[in-house]
1. Output the number of the condition that Pro93 fails; it satisfies all remaining conditions of (1) in a loop (DSSP other than H, G, I, E, B); (2) under 22 Å from Ala141 (Cα atoms); (3) touching a helix residue (DSSP H, G or I) at 6+ places or on another chain (Cβ under 9 Å).
2. What about Met111, is it of a type outside the set (Lys, Arg), within 24 Å of Leu29 (Cα to Cα) and within 15 Å of the chain's Cα centre (by Cα)?
3. If I filter the stretch 105-112 for residues that are modelled with pLDDT under 95, part of a helix (DSSP H, G or I) and farther than 24 Å from Arg48 by Cβ, do I get at least one hit?
4. Does Arg87 fit the bill of being under 26 Å from Arg37 (Cα atoms) and not in a strand (DSSP E or B)?
5. Could you please find all residues in the stretch 113-131 being β-branched (Val, Ile, Thr), in a loop (DSSP other than H, G, I, E, B) and free of Cβ contacts under 8 Å to residues at least 40 places away in the same chain?
6. Which of the residues that make up the stretch 22-77 are in a loop (DSSP other than H, G, I, E, B), surrounded by fewer than 16 Cβ atoms within 10 Å (Cβ to Cβ) and touching a Ser or Thr at 6+ places or on another chain (Cβ under 8 Å)?
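The values are calculated or read from the model by the stated rules, or taken from the named source; none is laboratory data. Since this is a predicted model, take the numbers as computed values, not measurements. Cβ sites come from the backbone with ideal geometry, for glycine too, and all protein chains shown count toward neighbours.
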Amino acid sequence: MKAAILSWMIALTGLAVPQAAWAQPGVRLDTQMFVERVTTDVNGRSRRLLASADRVAPGDQLIVIVHWRNDGSAPLRDQAVVRPLPRGAQIDPTDPTMQVSVDGGAHWGRMEQLWLPTPLGGTRRAVAADVTHVRWSLPQAVPPGHAGRLSYRATMR
């Protein structure tokens, strides 16, 4: 358990790296992470609450929100937002606009398009636990000052 918490803290510090290290020139990225907690109210109805992700445990449902903004002076064309997955998180890859990588960002695609080598020399289809990075393509042309928000869900392993 302590090892899981330590690896999570290391992952969080990686997200605190200055955004220029992760973003293309002119794009500002800010990431927020929450744990989704399901509780029951006094009437017996389920309530979903978002809590700070400073303490996570295996099985916790994460919601990661990436805010992007064109801080440059020219429109952005053919740009993508790329984010590493927090260590120990397994993504929910159901978003049709999101591409994933299982090799640190060298190759991209939908889950059903990605394959990995096996120890015996064969290949296998990639699964959610293999994902290392996520990517979304920005709209065709993003004028200066325009911003947006992207999000994905993941489960702590």
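1. Looking at each condition in turn, Pro93 falls short on (2).
2. It is false that Met111 is of a type outside the set (Lys, Arg), within 24 Å of Leu29 (Cα to Cα) and within 15 Å of the chain's Cα centre (by Cα).
3. Yes, that holds for at least one residue.
4. Judged against the criteria, Arg87 is a match.
5. Thr118, Val127
6. Gly59
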